[in-house]
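The block underneath contains the structure these notes are about, expressed in structure tokens.
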Amino acid sequence: MIIKPKVRGFVCVTAHPDGCAAHVRQQVEYVRAKGALPGGPKRVLVIGASTGYGLASRIVPAFGAGAATLGVFFEKPGEEGRTGSAGWYNSVAFEREAKAAGLYARSINGDAFSDAVKQQVVEAIRADLGQVDAVVYSLASPRRAHPKTGAVHKSTLKPLGSAYTAKTVDTDRGVVSEVTLEPASEQEVADTVAVMGGEDWEMWIQALSEGGVLAPDAVTVAYSYIGPDLTWAIYRNGTIGKAKEDLEAAAGRLTAKMAASGGRALVSVNKALVTQASSAIPVVPLYISLLYKVMKPMGLHEGCIEQIYRLFEGRISAGAELDAEGRIRLDDWEMKPEVQAAVAGLWPQVTTENLGSVSDIAGYREEFLRLFGFGLPGVNYEAESDPVAPLPSQAS
């Protein structure tokens, strides 16, 4: 079938297998060009491994340190006449690249919140790797079925305390408008924390530890975001922020448990980027479009792969520099005073009429479509493409 992008709201409902493969190859080639990562982890589990930061967290140790990687995700395979999800095609492409390079790569497709998938992963590690020395937690899901209570929790994107009104942009139509978000209820806050907080991360580390497959000196890292004053009300001081606070508290609890054997748990605060998750948050896409407009001419712009290479280059090693709250700050370039001052200066100026000149909305759109395999050089998008692509590790 000939596959074209079909965008509905903040998601593209089609994905191009050849384009996703080209996107993965670009990232692999970046890591290879940067060179080896001495002392990098050799057996890596990535929970939420199919897109964005999670995918980059699989590519970097594999092609930078020769690591064996096990990836966990919940993605939709393609079928005749219907494309699978971008994350599925990314994972197929990653496994093919890893196999060609002689690297171990295995993937498990299922609900990472469930006890069953955790046990499946423990058994796979025990059988194939013995133990893992690095665990990356990069789940981004709108809902979670709690494995103990059976309750289904759904996250919300709301402010706390009072309603919040701010500029936002319809990235598809290019319309700048105001959006008003009503404050979250206590239940909505609790549900968001249940989905996006630290409980599941702790459950994963507990399952790995009890299963005997977590190396004594293992490091685990989860991803977070803080952001500037412009997005504070919807992000850090909103329901998501409460979940991130819980995630950071979980890092402290995990480190207390792991420290005796030389292990540690870290939170990495990453830069604002176009991802499937960030596209769904009101206000944030407009901020990202302005941020790119500022950072690119300064030579400070990074994508997921550049950020995660910096992380593995030395930020997760023992003795690496942390902030006052014990966090890794990969958002250091985004939060430079001169960058934030420039973005804050553009914010009141941007309108529907000048969006194309004041912001980098074109770059935002290009990056958004690349998430789904569209707009990659060297791909013939007029040619037929087979939507059915099995995972090599599941086919063997």
Count, please, the residues in segment 349-396 that happen to be surrounded by fewer than 12 Cβ atoms within 10 Å (Cβ to Cβ), of a type in the set (S, T, N, Q) and within 30 Å of Ala124 (Cα to Cα). 1
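Any idea which residue in segment 112-163 is surrounded by the fewest Cβ atoms within 10 Å (Cβ to Cβ), counting only those that are among the hydroxyl-bearing types (Ser, Thr, Tyr) and over 16 Å from Val189 (Cα atoms)? Outline the logic, then answer.
Applying the first criterion (among the hydroxyl-bearing types (Ser, Thr, Tyr)) to segment 112-163 yields 114, 137-138, 141, 149, 155-156, 162.
Next, only the ones that are over 16 Å from Val189 (Cα atoms) stay: 114, 137-138, 149.
On the way: Ser114: 16, Tyr137: 27, Ser138: 26, Thr149: 9.
That would be Thr149.
Across segment 164-194, which residue is nearest to Ser114 (Cα to Cα) among those that are of a type in the set (A, V, I, L, M, F, W, C) and in contact with a strand residue (DSSP E or B) (Cβ under 6 Å, 6 or more places away or on another chain)? Break it down into steps so the answer makes sense when it comes.
Kept after step one, since they are of a type in the set (A, V, I, L, M, F, W, C), are these residues of segment 164-194: 166, 169, 175-176, 179, 181, 184, 189-190, 193-194.
Right, trim to in contact with a strand residue (DSSP E or B) (Cβ under 6 Å, 6 or more places away or on another chain) and you get 169, 176, 179, 181, 194.
Values: Val169: 36, Val176: 40, Val179: 36, Leu181: 32, Ala194: 13 Å.
This residue is Ala194.
State yes or no: is Thr69 more than 22 Å from Val121 (Cβ to Cβ), modelled with pLDDT of 95 or more, among the β-branched types (Val, Ile, Thr) and surrounded by 24 or more Cβ atoms within 10 Å (Cβ to Cβ)? Step through it out loud before you land on a result.
On the way: more than 22 Å from Val121 (Cβ to Cβ): no; modelled with pLDDT of 95 or more: yes; among the β-branched types (Val, Ile, Thr): yes; surrounded by 24 or more Cβ atoms within 10 Å (Cβ to Cβ): yes.
No.
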Pair list, Cβ under 8 Å, 6 or more apart: segment 34-50 residue on the phi > 0 side of the Ramachandran plot and small (Gly, Ala, Ser), other residue surrounded by fewer than 16 Cβ atoms within 10 Å (Cβ to Cβ) and assigned to a loop (DSSP other than H, G, I, E, B): Gly39/Ser317
Being small (Gly, Ala, Ser) and within 19 Å of the chain's Cα centre (by Cα), is that true of even one residue in segment 175-183? no
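Inspect all residues belonging to segment 145-159 and state whether any of them is in a helix (DSSP H, G or I), out of contact with any His (no Cβ under 6 Å at 6 or more places or on another chain) and of a type in the set (D, E, K, R). It would help to see each step written out before you state the result.
Filtering segment 145-159 down to residues in a helix (DSSP H, G or I) leaves none.
For segment 145-159, residues in a helix (DSSP H, G or I), out of contact with any His (no Cβ under 6 Å at 6 or more places or on another chain) and of a type in the set (D, E, K, R): absent.
Return yes or no: is Thr171 closer than 28 Å to Asn237 by Cα and surrounded by 14 or more Cβ atoms within 10 Å (Cβ to Cβ)?
Values: closer than 28 Å to Asn237 by Cα: yes; surrounded by 14 or more Cβ atoms within 10 Å (Cβ to Cβ): yes.
When the stated conditions are applied, Thr171 passes them.
Which members of segment 85-120 meet the condition of being of a type in the set (A, V, I, L, M, F, W, C), in a loop (DSSP other than H, G, I, E, B) and in contact with a strand residue (DSSP E or B) (Cβ under 7 Å, 6 or more places away or on another chain)?
Here is the first cut: in segment 85-120, the ones of a type in the set (A, V, I, L, M, F, W, C) are 86, 88, 92-94, 98, 100-101, 103, 105, 108, 112-113, 116-117.
Among the residues that remain, those that are also in a loop (DSSP other than H, G, I, E, B) are: 101, 103, 112-113.
Leu103, Ala112, Phe113 - these are the residues of segment 85-120 that are of a type in the set (A, V, I, L, M, F, W, C), in a loop (DSSP other than H, G, I, E, B) and in contact with a strand residue (DSSP E or B) (Cβ under 7 Å, 6 or more places away or on another chain).
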Among the residues of segment 152-176, which ones are without any contact (Cβ under 8 Å) to a residue 24 or more places away in the chain, out of contact with any Leu (no Cβ under 7 Å at 6 or more places or on another chain) and not basic (Lys, Arg)? Val152, Gly161, Ser162, Thr165, Asp170
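The values are calculated or read from the model by the stated rules, or taken from the named source; none is laboratory data. A quick note: this is a predicted structure, and the numbers were derived from the prediction, not measured. With ideal geometry, Cβ positions are generated from the backbone for all residues, glycine too; neighbour counts draw on all protein chains shown.
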